[in-house]
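Structure first, then comments.
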Amino acid sequence: MLDILGKEYINVARAKGLKEISVIRRHAVRNALIPVVTLGGLAYAELLSGTVLTETIFAWPGLGRYTFQSAVGLDFPAILGITLLVAVVYLMINLVVDLSYAFLDPRVIGQ
């Protein structure tokens, strides 16, 4: 955020006479949130993949434990179904992240 506040377009917004809160809300925060949204999407995908280990260690019932039991028992249709489900969820997360880029930075729409 401090890096964004030193950019030229922030100084131009201040020179136009905008209030500091308006400069921060409309210009700085939107551009500072792009890396945060990216890392948030990746972190959510990592949480999804970590369920196998967590549910197996703590013996919690869930999709992760079912995945582990299917792999040990060589239940190929279950493994394929879970893999497909995880892939679709991961793609949906990436879609939401990409659509949020367009909301945060309208310049992305033209690219």
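The values are calculated or read from the model by the stated rules, or taken from the named source; none is laboratory data. Because the structure is a prediction, the values reported are computed rather than measured. For neighbour counting, all protein chains shown are included, and Cβ atoms are generated from backbone atoms with ideal geometry for every residue, glycine included.
Table for the structure above
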read-out	value
Test for G41: is it at pLDDT below 90, small (G, A, S) and in contact with a Gly (Cβ under 9 Å, 6 or more places away or on another chain)	no
Single residue of G110, G50 found to be of a type in the set (G, A, S) and more than 30 Å from R14 (Cα to Cα)	G50
Every residue from the stretch 44-58 that is of a type in the set (D, E, K, R) and either surrounded by 16 or more Cβ atoms within 10 Å (Cβ to Cβ) or farther than 18 Å from V89 by Cβ (or both)	E55
Considering residues of the stretch 1-54 that are basic (K, R) and free of Cβ contacts under 8 Å to residues at least 60 places away in the same chain only, the residue nearest to V108 (Cα to Cα)	R26
Residues of the stretch 27-67 classified as of a type in the set (G, A, S) and under 30 Å from G17 (Cβ atoms), total	2
Which numbered condition P61 misses (of (1) in a helix (DSSP H, G or I); (2) loosely packed, with under 14 Cβ neighbours inside 10 Å)	(1)
Criterion (within 25 Å of D98 (Cβ to Cβ), assigned to a helix (DSSP H, G or I) and either small (G, A, S) or in contact with a Cys (Cβ under 9 Å, 6 or more places away or on another chain) (or both)) met by exactly one of A32, A13	A32
From the options T38, T83, T67, T56, residue that is within 30 Å of E8 (Cα to Cα) and not aromatic (F, W, Y)	T38
Subset tally (residues that are surrounded by 13 or more Cβ atoms within 10 Å (Cβ to Cβ) and not hydroxyl-bearing (S, T, Y)) for the stretch 70-84	6
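Conditions (1) farther than 27 Å from V29 by Cβ; (2) polar (S, T, N, Q); (3) touching a residue at least 40 places away in the same chain (Cβ under 8 Å), marked per residue:
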position: A59; (1), (2), (3): yes, no, no
position: G64; (1), (2), (3): yes, no, no
position: D75; (1), (2), (3): yes, no, no
position: G81; (1), (2), (3): yes, no, no
position: L84; (1), (2), (3): yes, no, no
position: L91; (1), (2), (3): yes, no, no
position: V96; (1), (2), (3): no, no, yes
position: Y101; (1), (2), (3): no, no, yes
position: R107; (1), (2), (3): no, no, no
